[in-house]
Amino acid sequence: RRSLLLLLQLLAVFIAVIALLRPGFRGQTAGQERTVFLIDNSASMQTVDRNETASRFENAKRLILARIEAMSDTDSAMVIAFNDRAETVQSFTTDRGRLRDSLKRVAITNHSTDILGALKAAAGLANPRRSSEIADVKDIQVADAKPADLLVYSDGGFQTVTEFSLGNLKADYVSMGSSEVNNLAITAFSTERNTERQSEVQAFATIENFGQSTISTTATLTMNGLFLDAEAIEIEPGEQTGLSFIIETEEAASLTLTLDHEDDLEIDNVAYTGLSPLRNVSILVITPGNTPLKVGLETEKTAKICTNSFFPPSYMQTDDYKKRAQDGIDDLIIYDACSPAEMPATNTFFIGSLPPATATEDSTKARFSGNQGAAEGTNAADSGSTATPDVQGATDPNATNSNATPADNPLAKEQNWRWSSPESSVMLIDIERTHPLMRYLELFSLLIFSGRGVEGPPGTVELVGADVGSILAIAPRDGFQDMVLGFEIVSRNSDGDAETNTNWYAERSWPVFLLNVLRHLAGAADATGAPSYRPGETVRVRLESKISNPSVKRIGGSPINITPGPAGSLEIIDTEIPGNYRVESDTKLADLFAINLFDPQESAIAAVKQIDIGYESLTSEDGSIEQRQELWRWALL
């Protein structure tokens, strides 16, 4: 029996077989069988032009996908993405599925643009190298040239490529975007602590107008996420302006500057910076016992920037101290009512005692002469000499000063610290208020029961003057600084019991003075503006030896991976997203850095219609292609 249904079924199978052969047609093309797609995924390709809903990068991917769909079965292509580095996403293949998948994997970045690496990658395939040097008679061609079409999808925001030969590459440039743009950008943002006032921070920013019209807007500054200040700005096309803000803070801070303006590129409307935390310093205190000093060095503020070690004067005889002093492990050593045999390789603060004489020939002769005079019965008190603690830390008010130098050797005397007056009550006269160590101090209500004036080597600066001479002075020493206070805070009576020698410890100025000492003599105030890096840069952070468990986190983001580097440093490679980054150790802030675009080349988003590659000038095409007309879809339907 003849079955019409069977014939229809056979016809359906036949049409399905024909559909599998992918019948279709398209017009004549001048292209070659090999194509290299270069797609720009730098920061400027995030631009969304006027009357567009998609970014330049998304439009470029759409045009490349259309080219891939129009390929015949014998055509092959490869995909190279480029920003400031080139990545071969897919090597040559005829598989359109793999090309489509590779194109989906290409993501936009916040990097700057450099096309040279991508051109070299493409040219390496189309222009194979020879086996040896040019002009070598034995030179032979080891591979055949493979001509290819080179299609560049970019807005042209890169430097002109010179001295580059395309060779067998036939290049075409497809310009992405418009030349009529609207973009305001922050191209610089930094902070700096005022050297005269450590609590005052100055923030500086540069804003440029890369559009074609005058823009009026507001720049808003926030600190640690809280509103701080705002300033109105108006910038002409192609011009720039500078902004400055004054901030009062002594702590580490994270600052964000935002332009309250909607334009074609958003990433350069926000900038980040900060102030690094005050450096944590190590303090060694040699004292027979000084409660006011210990309490003053353990306040809430000093605990954030200082690690203290307290030892009695006998500690100076140990090998541990000698190595510690010789290697300069500590940032500051405080000698309270005692003095070492030799000066350490660090800054020092002497309280009620003098630094030892320098180890020079003159001073050696002076000490020898002084000892000889004492052995012959010379009375030091008759010549105006007064007591000084010996190198063991014991204080004898009737002993001769082993560090003092006789009058017949003035050269040695001028090179060393010395007492300038006998012990007596002290009345303050003047304070050097401009010196960082003396800022915010009011000392004229102090009572000092017993003290002496001090004189130092050349370069000594008087910090506090009294009726007995300089009662507090500081002097340089081979790259270090030594400060001497002419009276004790806590003295000892004849029975060896502790007695207060001043009311300073009860004044508000006492903890302020110690904080100044930590900041400026120990170096804790070496806080500077947080450094800024470009997106994608490897950031190397040098850590202090006391930090053992560091972590890195972008403010507002999640923790990121870090790589321990040599000598206590960190290598941070996950820096793609702009923002403020914190380096922490057990929730304690160790360092700060920022990631910003800060690239005028990327912010100048007006699309370039003609680019130069080597010796050729490429004028932009519209990117449209003659689409292949597919018949198999209708047959399959």
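Summary of computed values
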item: Tally, over region 257-274, of residues that are out of contact with any Leu (no Cβ under 6 Å at 6 or more places or on another chain), open to solvent by 30 Å² or more (accessible area, probe 1.4 Å) and not aliphatic (A, V, I, L, M); result: 5
item: For F444: the one exception among (1) under 30 Å from N224 (Cα atoms); (2) open to solvent by 60 Å² or more (accessible area, probe 1.4 Å); result: (1)
item: Hits in region 275-294 (condition: open to solvent by 20 Å² or more (accessible area, probe 1.4 Å), closer than 27 Å to A590 by Cβ and at pLDDT 90 or above); result: K294
item: Options E262, E208; residue that is over 23 Å from the mean Cα position of the chain (by Cα) and modelled with pLDDT of 95 or more; result: E208
item: Cross-chain or 6+ apart pairs with Cβ under 8 Å, region 321-345 first and at positive phi, then surrounded by 23 or more Cβ atoms within 10 Å (Cβ to Cβ) and among the charged types (D, E, K, R); result: A337/E488
item: Of the criteria (1) in contact (Cβ under 8 Å) with a residue 40 or more places away in the chain; (2) open to solvent by less than 40 Å² (accessible area, probe 1.4 Å); (3) not hydrophobic (A, V, I, L, M, F, W, C), which one E250 fails; result: (2)
item: Region 588-611, residues that are open to solvent by less than 90 Å² (accessible area, probe 1.4 Å) and at pLDDT below 90; result: L589, A590, D591, L592
item: Listing of strands (runs of 3 or more DSSP E) fully contained in region 229-291 that carry 1 or more residues being closer than 30 Å to T318 by Cα; result: 281-286
item: Of all residues making up region 449-478, the number that are aliphatic (A, V, I, L, M), out of contact with any Leu (no Cβ under 9 Å at 6 or more places or on another chain) and in a strand (DSSP E or B); result: 2
item: Test: residue in region 472-488 that is at positive phi, open to solvent by 10 Å² or more (accessible area, probe 1.4 Å) and modelled with pLDDT under 90; result: yes
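Per-residue answers, yes or no, for (1) open to solvent by 30 Å² or more (accessible area, probe 1.4 Å); (2) within 30 Å of L437 (Cβ to Cβ); (3) among the aliphatic types (A, V, I, L, M); (4) in contact with a helix residue (DSSP H, G or I) (Cβ under 9 Å, 6 or more places away or on another chain):
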{"residue": "E180", "(1), (2), (3), (4)": "yes, no, no, no"}
{"residue": "T191", "(1), (2), (3), (4)": "no, yes, no, no"}
{"residue": "T220", "(1), (2), (3), (4)": "no, no, no, no"}
{"residue": "A230", "(1), (2), (3), (4)": "yes, no, yes, no"}
{"residue": "Q240", "(1), (2), (3), (4)": "yes, no, no, no"}
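The values are calculated or read from the model by the stated rules, or taken from the named source; none is laboratory data. Please read these numbers as outputs of a predicted model, since none were measured by experiment. Ideal geometry is used to build each Cβ from the backbone, glycine not excepted, and the neighbour counts take in all protein chains shown. What goes into the accessible areas is simple: the full protein's heavy atoms, side chains included, and nothing from ligands, DNA or RNA. Shrake-Rupley method; radii C 1.70, N 1.55, O 1.52, S 1.80 Å.
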